[in-house]
Every structure is written in structure tokens, then in C-alpha cells.
Amino acid sequence: MKKTQNKSEEKPKRTFSPAQKAAQKKVKQVNLEAVKSIYEAGKAGKPIPTWGKSLKAASKKVYK
């Protein structure tokens, strides 16, 4: 049996600029808001919005 080599070489960690970090944070907020809106609609017995519609509404809410 051949021994497989471990890929112990670690890739250098990627560093993000503050603007990139802020943009990532906003994207996470948009996704969270979209999931919340779908969850709340289902919980309340209302018609569940599609992912696209809830994302659009959430992005308007977060970016304004």
C-alpha cells in the first residue's frame, strides 16, 4: 500500500479590506432578513414568499 502524502502546507489566510468586510456583513444581514421573512410568513400562516422576492425586500430594508 502506498502512503499518501498529507497536504500539510497551509494556504496563506486571505485578508479582506474593511470595505470588503462591511460588504460581507451587509450580505449576511440581507440573507438573514430574507430567511426571517420566509419563516415568519410560514409561522403566521401567510403565503410564503419566494426566495427572490424576500431577498429583494430584505436588500431594500438593509441598504436603505
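The values are calculated or read from the model by the stated rules, or taken from the named source; none is laboratory data. Remember, it's a predicted structure, so these values are computed and weren't measured experimentally. Neighbour counts are summed over all protein chains in view; Cβ atoms, including those assigned to glycine, are modelled from backbone coordinates with ideal geometry. SASA here: full protein model, heavy atoms, side chains in, ligands and nucleic acids out. Shrake-Rupley method; radii C 1.70, N 1.55, O 1.52, S 1.80 Å.
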Debye intensity ratio in log₁₀ form over the Cα atoms of the chain, taken at each q of 0.20, 0.22, 0.24 Å⁻¹: -0.80, -0.90, -0.98
Subset of 11/43; 43/64; 26/46; 21/56; 11/61 violating a 32 Å alpha-carbon distance limit: 11/43; 11/61
R0 of 25 Å, Cβ-Cβ distance residue 53-residue 16: FRET efficiency to nearest 0.05: 0.25
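Report the full-extension gain for the segment residue 46 to residue 29: residue separation times 0.36 nm, less the Cα-Cα distance, to one decimal in nm.
Difference between extended and current length: 3.8 nm.
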Residue-wise HN-Hα coupling along region 10-21, computed from phi with Karplus coefficients 6.51, -1.76, 1.60 (Hz; x: Gly, Pro): 8, 6, x, 5, 7, 9, 10, 6, x, 5, 5, 5
Residue-normalised accessible area of the chain, expressed per residue, 1.4 Å probe, Å²: 100
Mean residue ellipticity (222 nm) of the chain, computed from DSSP H runs ≥ 4 via -39,500 (n - 2.57), nearest 500: -21500 deg cm²/dmol
